[in-house]
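> Sharing a structure, written as structure tokens. Questions coming.
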Amino acid sequence: MIDAVGLHKAYRLKKHQVTALDGVDLHVEPGEIFGVVGQSGAGKSTLLRSVNLLERPDAGTVAVAGEELTSLRGSRLRAARRNIGMVHQHFALLSSRTVAGNVGFPLEVSGVDRASRRTRVGELLELVGLGDKARAYPAQLSGGQKQRVGIARALASAPQVLLSDEATSALDPATTDSILALLRRLRDELGLTILLITHEMDVIKRICDSAAIMEKGVFLESGKVLDLIGTPGSLLARSLFPLPANGGPETVFITYPRSFDEPFMSELTRRFDVDVNILGGGVEQVAGQSVGRLSVDMRGARRNEALTYLSEHGLLVEEAGK
Amino acid sequence: MTNPTDVLVLAAAAADGGNAWDAIVAFVQDWPNMWPNLWLSTQDTIYMVVWSTIVSVLVGLPLGVLLVATDRGGLTPAPAVRAVLSAVVNVGRSLPFIVLMVAVLSLTRFLVGTTLGPTAAIVPLSIGAIPFFARLVETSLREVDRGVVEAAHAMGTRRFTIVGKVMLPEALPGLIAGLVMTVVALISYSAMAGAIGGGGLGDLAIREGYQRFNDHYLWATVILLIVIVQVAQSIGDLLVRRLSRR
């Protein structure tokens, strides 16, 4: 649904040049929630703004729903943008308009008549759970409610793609949960494709099907979240499960890319006569699956056989010493 | 018309270290005599201020919008255009009004046919207030959240529409506050316009109050000017409060 190839973008700040995008390829499948995570200054924001051409990349092409946006200008670009909704970190609502006025804005701009606008705004507010707030002004709403208005507005022109610019970063944890749940529900109900940027790993864990880790204008890794977690040396896995690094050379990191019924640890001691001491671990719901990661201290003559046994059963084994 | 003896009485009272109460009573008793003159001058002042405000808004508002739109990061960045506009505005802002008035006399004669009277005064008043209001418009528009403008772009909004439906409505309370400041400045300028025969309360204060030593006229014009400014400011404050949704 979103295909960006070879994106480059540099800014000139005073004398020195800052490279925000340094050859990024981004492919987002239809109906997928794709998260880009990274520190501030990694280029996430520039990447997101390149998708709807709020920032025009210096090199590379962007296509959304098969239409190459980088070749469009003027009215055709504006028309294409109406197929891409955008949600903003600080909501970006018009303080001078009511909730209904804000949600109706994109419709008004694209020339939809008043009566149809009213109906559509009513539907959208119901969809985001704000049916009773149509006449309120943004200043009278909580952060979570403002973001719901932002989402309703982004969906007004029935876009296929939704861009989310740190949509939950200004919200408290409980509100973040409800907004993420809403995004996921909208994806399921409307078949939206969502590209989001965030600096919170939690967001990736909760709703993303695919993810990319970005640093200094490039993707360090990207792909399906579950595949990444099952990849040796994955930064994503390490960030999702921060484990104590205080183990000795005997420490082994074991990743469970899904939930298993087999009692592996007791099996190990019985079959291979190794001693297993669990140093740390965690289980998380990732992309709708239970994923776990353990850090264990394993000793014994048949240690290598034990590790091979785990790998053969689909667990990912990484030894600290290697 | 004023009775010269009143002035003498008042001067005498002031000279003795005076009875302030008697002076006030004398002033109040004199009010009905002065009123026809005061009323005519008040009408002239309002006439000058209203028309020059209208001209200032018609020219200053687009000018302010252009100053913001042509700036770096604006809707249509055009540094050269902006530099020229900004220089013109600065020239207008840097001239003391009393000098500006004299400097544009020939333009006034060309436009109005005369340099005397309230209608002639509208020309220098507008020229003085346009750059003043344009800068205030510029400041208010800069206060508009850039994120909202960006959101409008992301929704595929035309730049002209962004000005009309996003920037101006969002800045409205600030624009109204700027308009009130302009009106108050114009009231003060209009009094100066009196000095070169523009008419109005300033003219009356100088002719009757200063040149003919009639303190009652001076006090009366001061009171009327204060009342006019207060009324303008209060209406403005009320509007700003009503329109502010933040």
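What follows is calculated from the coordinates using simple rules that are stated; it is not laboratory data. Please read these numbers as outputs of a predicted model, since none were measured by experiment. So basically every Cβ, Gly included, is an ideal-geometry build from the backbone, and we count neighbours across all protein chains shown.
> Give the span of the protein assembly as shown's Cα atoms along each principal axis, as three whole-Å numbers ordered largest to smallest.
Rounded to whole Å, the extents work out to 126, 55, 53 Å.
> Just want to confirm a number: the relative contact order over segment B:111-223, from Cα pairs under 8 angstrom separated by 6+ residues, in percent. Can you show the working numbers first?
Values: 91 pairs, mean separation 30.8, N = 113.
Relative contact order for segment B:111-223 comes out at 27 percent.
> Among B:G74, B:G236, B:T139, which residue has its Cα positioned farthest towards the positive end of the charge dipole of segment B:34-243, with +1 placed on the Cβ of Lys and Arg, -1 on the Cβ of Asp and Glu, and the dipole taken about the Cα centre?
B:G74
> Using just the alpha carbons, could you tell me how many Å³ per residue the convex hull of segment A:125-170 encloses?
Numbers: hull volume 3.5 nm³, N = 46.
It is 77 Å³ per residue.
> For B:K165, give me every one of the lysines with a C-alpha distance below 30 angstrom, ignoring sequence neighbours fewer than eight places off in its own chain.
Excluding near neighbours in sequence, the set is A:K44, A:K133, A:K146.
> Sticking with this structure for a sec: When a/c is below 1.5 the answer is rounded, else prolate if a/b is larger than b/c, else oblate, so apply that to segment B:140-246 with a ≥ b ≥ c taken from the square roots of the Cα gyration tensor eigenvalues.
Details: a/c = 5.88, a/b = 3.06, b/c = 1.92.
Judged from the Cα gyration tensor, segment B:140-246 comes out prolate (a/c at least 1.5, a/b above b/c).
> Now for a different question. Shape call for segment A:241-319 from the C-alpha gyration tensor, a ≥ b ≥ c root eigenvalues: rounded (a/c under 1.5), prolate (a/b greater than b/c) or oblate? Walk me through the numbers before you get to the answer.
On the way: a/c = 2.13, a/b = 1.31, b/c = 1.62.
It comes out oblate by the Cα gyration axes.
> Also: Identify, among A:V51, A:Q17, B:L175, the residue whose Cα sits farthest towards the positive end of the charge dipole of the protein assembly as shown, taking +1 on the Cβ of Lys and Arg and -1 on the Cβ of Asp and Glu, with the dipole about the Cα centre.
B:L175
> Express the relative contact order of segment A:2-229 as a whole percentage, based on alpha carbon pairs under 8 Å and six or more residues apart in sequence. Write out the running numbers ahead of the final one.
Values: 432 pairs, mean separation 69.3, N = 228.
The normalised contact order for segment A:2-229 reaches 30 percent.
> Which part of segment A:290-317 falls in the paramagnetic zone of A:D273, meaning amide N under 13 Å from the point 7 Å along Cα-to-beta-carbon?
What the label zone holds, given the 13 Å backbone N cut-off, is A:300-303.
> Follow-up question, since we're still on this one. Quick one, could you list the DSSP H helices from chain B stretching 15 Å or more along their long axis (Cα atoms) with average Kyte-Doolittle hydropathy of -0.5 or above?
Numbers: long enough: B:4-15 (17 Å, 1.60); B:20-69 (60 Å, 1.03); B:79-94 (22 Å, 0.88); B:118-142 (35 Å, 1.02); B:168-193 (35 Å, 1.63); B:215-243 (42 Å, 1.21).
What comes out of the filter, once short or polar helices are dropped, is B:4-15, B:20-69, B:79-94, B:118-142, B:168-193, B:215-243.
> Let me ask something else about it. Return the FRET efficiency for the residue pair A:E67, A:S239: r is the Cβ-Cβ distance, R0 is 45 Å, and the value is rounded to the nearest 0.05.
Values: r = 34 Å, r/R0 = 0.77.
With R0 = 45 Å, the Cβ-Cβ based efficiency is 0.85.
> With only Lys, Arg, Asp and Glu charged, each at its Cβ (+1 for the first two, -1 for the last two), find how big the charge dipole of segment B:89-246 is about the Cα centre; round to the nearest 20 debye.
Numbers: 14 positive and 9 negative charges, 91 e Å.
Magnitude of the dipole: close to 440 debye.
> Below 8 Å, C-alpha to C-alpha, sequence gap of six or more: please give me the relative contact order for chain B in percent. Could you put the intermediate results ahead of the total?
On the way: 270 pairs, mean separation 57.6, N = 246.
23 percent.
> Largest first, please: the extent of the C-alpha atoms of segment A:2-229 along each principal axis, to the nearest Å.
47, 40, 37
> Going by average Cβ density within 10 Å per residue, which order do the peptides A:262-275, A:216-229, B:185-198, B:32-45 take, highest to lowest? Let's see the in-between values first.
Working: A:262-275: 14.1, A:216-229: 18.6, B:185-198: 22.1, B:32-45: 17.0.
The peptides rank, most packed first, as B:185-198, A:216-229, B:32-45, A:262-275.
> Relative to the compact-globule scaling 2.2 N^0.38 Å, provide the ratio for the alpha-carbon radius of gyration of segment A:28-139. If you can, show how the numbers build up before the last one.
Values: Rg = 16.5 Å, N = 112, 2.2 N^0.38 = 13.2 Å.
In units of the globular-protein estimate, segment A:28-139 measures up at 1.24.
> Could I ask something else about it? Considering only DSSP beta bridges with both partners in chain A, what is the antiparallel share in %, to the nearest 5? Don't jump to the answer; show the numbers that get you there.
Working: 44 of 62 bridges.
If I count the DSSP bridges inside chain A, around 70 percent turn out antiparallel.
> Please compute, for peptide B:85-97, the average count of beta-carbon atoms on other protein chains lying within 10 Å of each residue's beta-carbon. Intermediate values should be presented prior to the final figure.
Details: counts 0, 0, 0, 0, 0, 0, 0, 0, 0, 0, 0, 0, 0.
Per residue, the number of nearby Cβ atoms from other chains is 0 on average.
> I've got another one for you. Give the average over all directions of the projected area of the C-alpha convex hull of segment A:155-298, one decimal, in nm².
Details: hull surface 44.7 nm².
Convex hull of Cα atoms, orientation-averaged projection: 11.2 nm².
> Take the Cα atoms of segment B:34-243, build their convex hull, and give its volume per residue in Å³. Please report the intermediate quantities before stating the final value.
Numbers: hull volume 25.1 nm³, N = 210.
Dividing the Cα hull volume of segment B:34-243 by its residues yields 119 Å³.
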